[in-house]
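As structure tokens, the structure follows; a few thoughts come after it.
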Amino acid sequence: MQFQIPLAEPANMASTSRGDVLALPKVRCPNHPDAMLVEDYRAGDMICPECGLVVGDRVIDVGSEWRTFTNEKATKDPSRVGDAQNPLLNGGDLTTMISKGTGAASFDEFGNSKYQNRRTMSSSDRAMLNAFKEITTMADRINLPRNIIDRTNNLFKQVYEQKSLKGRANDAIASACLYIACRQEGVPRTFKEICAVSRISKKEIGRCFKLILKALETSVDLITTGDFMSRFCSNLGLPKQVQMAATYIARKAVELDLVPGRSPISVAAAAIYMASQASAEKKTQKEIGDIAGVADVTIRQSYRLIYPRAADLFPPDFKFDTPVDKLPQL
């Protein structure tokens, strides 16, 4: 007796999640959408275990074609089905990469390789791929998570396809996109921090930042002193009590309008200096300036603005190691 497995209709073969632009199509059984599909590796079919419906055929096995042993892992890659798809590239990066030949038939009479990979990828995809690598490198240097890298890649792709920043270097656009992504994800970084991990000047990143916001018609939330306080205090090795006091001082100074026109970074640095000087964990202006990326004179200027009201800025439960009247006057 022969059994025939029914094939799914093409219209019901897959249901796609539309919530995310980057979401790949997810194959489900139209009759049993919650059932875990069984994959027949020999035939390349995805079969519903409930009703036996074939909901996907000719599935590509992305695994290795043969076994890999420890001593061969460093020299050979047993997987020959290509790299993972990149939905940010045109065509999903379904390109063919030819490995470098070793025999005499792989080179012409002048010693040049007969097979060139350059022709298998368009110039736009190649430019975007190089930018994605640069973004990943910069993000790794300042320990940014994967979701920020993905958002940065999306921003760069939108800007690149619009061609609204022609004439600007791709590295500068990538650095500005990374700065915007950090702001949008709620973990802002300063221009100096982005500049430190890229090869672009602070001025050029700032120009691209403004142009990208205008081109994409998007916006970012205003940065506050609280966005940097925990990171600065952690890098300085200050205890939780000093961090909470510095946060309170900075917020109170802004509420009382003691620091008009001052950047949140300089206000945060001045608040950290005041809180540390009042505690047992004292830090110098240079130590704070190196972490915050601001000059000593900038910290002094902001500190002088808030010093006259120092008694009103500290939280009520703060334990003083140095009284308010003994704080440095600068």
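Just so you know, in the range 221-264 the residues that are of a type in the set (A, V, I, L, M) and at pLDDT below 90 include one that is surrounded by the most Cβ atoms within 10 Å (Cβ to Cβ), and it is ILE223. Within the range 274-300, restricting attention to residues that are hydroxyl-bearing (Ser, Thr, Tyr) and in a helix (DSSP H, G or I), the residue that is least open to solvent (accessible area, probe 1.4 Å) is SER276. Total residues in the range 297-330 satisfying the condition of being without any contact (Cβ under 8 Å) to a residue 24 or more places away in the chain and within 15 Å of ALA268 (Cα to Cα): the figure is 1.
Does LEU144 count as closer than 22 Å to GLY226 by Cα and outside any helix (DSSP H, G or I)? Here the answer is yes, as LEU144 does meet what is asked.
Of the residues making up the range 306-322, those that are hydrophobic (A, V, I, L, M, F, W, C) and open to solvent by 70 Å² or more (accessible area, probe 1.4 Å) are ALA311, PHE320.
Is it true that THR218 is within 30 Å of THR152 (Cβ to Cβ) and surrounded by fewer than 15 Cβ atoms within 10 Å (Cβ to Cβ)? So THR218 passes the test. Exactly one residue out of SER266, SER230, SER276 is of a type in the set (Ser, Thr, Tyr) and without any contact (Cβ under 8 Å) to a residue 24 or more places away in the chain: that is SER230.
Checking the structure you have, find out if any residue of the range 247-266 is basic (Lys, Arg) and part of a helix (DSSP H, G or I). Yes - at least one qualifying residue is present in the range 247-266.
Here is the figure for the range 197-221: residues that are part of a loop (DSSP other than H, G, I, E, B) and among the β-branched types (Val, Ile, Thr) total 4.
Residue check: is GLN184 more than 26 Å from SER263 (Cβ to Cβ), open to solvent by 30 Å² or more (accessible area, probe 1.4 Å) and among the polar types (S, T, N, Q)? It is false that GLN184 is more than 26 Å from SER263 (Cβ to Cβ), open to solvent by 30 Å² or more (accessible area, probe 1.4 Å) and among the polar types (S, T, N, Q).
The values are calculated or read from the model by the stated rules, or taken from the named source; none is laboratory data. Not measured: the values here are computed from a predicted model. Reconstructed Cβ throughout: ideal geometry from the backbone, glycine too, with neighbour counts over all protein chains shown. For accessibility, only protein heavy atoms count, side chains too; no ligands or nucleic acids. Shrake-Rupley method; radii C 1.70, N 1.55, O 1.52, S 1.80 Å.
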